[in-house]
C-alpha cells in the first residue's frame, strides 16, 4: 500500500539509515574494544587474499551505493551518499592496486587519531541515521 508509512518511503532514506547503523555499529565496537580496527588492518596487510577481498568488497559496496543513490537526483542526502560511495570506491581501488601502502597509511592515521575515530564514526552514523529518517 503506497504511502501507508510516510517515514522512510524512499530508497535514499533507507540507504542513509543502514549506512548510519553500520557506522554506529562499527564505532561502538571499536569504542568498546579499542584496537580492533588496527588489528583488522594488520590482518588485511599481512594477507594478499584479504587485501583482494577487502578491495573487491569496498568497490562493490561503493558501486552499489552510488547506483542506488546517484548524485544527479538533486537532493543533499543523495550528494552525501554519492560522496560516501566515491570514498568506498577509491578505498577499494587503492586496496586492489597498492594495498600494502594503503593499509600502512590507514594504520598511521588510526595511530594518530586514537579514540577520535570511533567518535567520528558514531557521530557520522547518528547524523546519517537521523537524516535518513527525516528524508522526505
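The values are calculated or read from the model by the stated rules, or taken from the named source; none is laboratory data. All figures in this text were calculated on a predicted structure; none of them were measured in a lab. Quick reminder, even Gly has a Cβ in these numbers, built from the backbone with ideal geometry, and neighbours come from all protein chains shown.
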Quick one: which of 83, 65, 53 is assigned to a helix (DSSP H, G or I), modelled with pLDDT under 95, surrounded by fewer than 15 Cβ atoms within 10 Å (Cβ to Cβ) and out of contact with any strand residue (DSSP E or B) (no Cβ under 7 Å at 6 or more places or on another chain)?
83
So, first residue touching a residue at least 24 places away in the same chain (Cβ under 8 Å) in region 25-39, second residue in a loop (DSSP other than H, G, I, E, B), Cβ within less than 8 Å, six or more apart or across chains; the pairs are 31/115; 34/115
Given the condition assigned to a helix (DSSP H, G or I) and within 16 Å of residue 14 (Cβ to Cβ), answer yes or no: does some residue in region 119-126 qualify?
yes
How many residues does region 56-104 hold that are more than 13 Å from the chain's Cα centre (by Cα), at negative phi and free of Cβ contacts under 8 Å to residues at least 60 places away in the same chain?
20
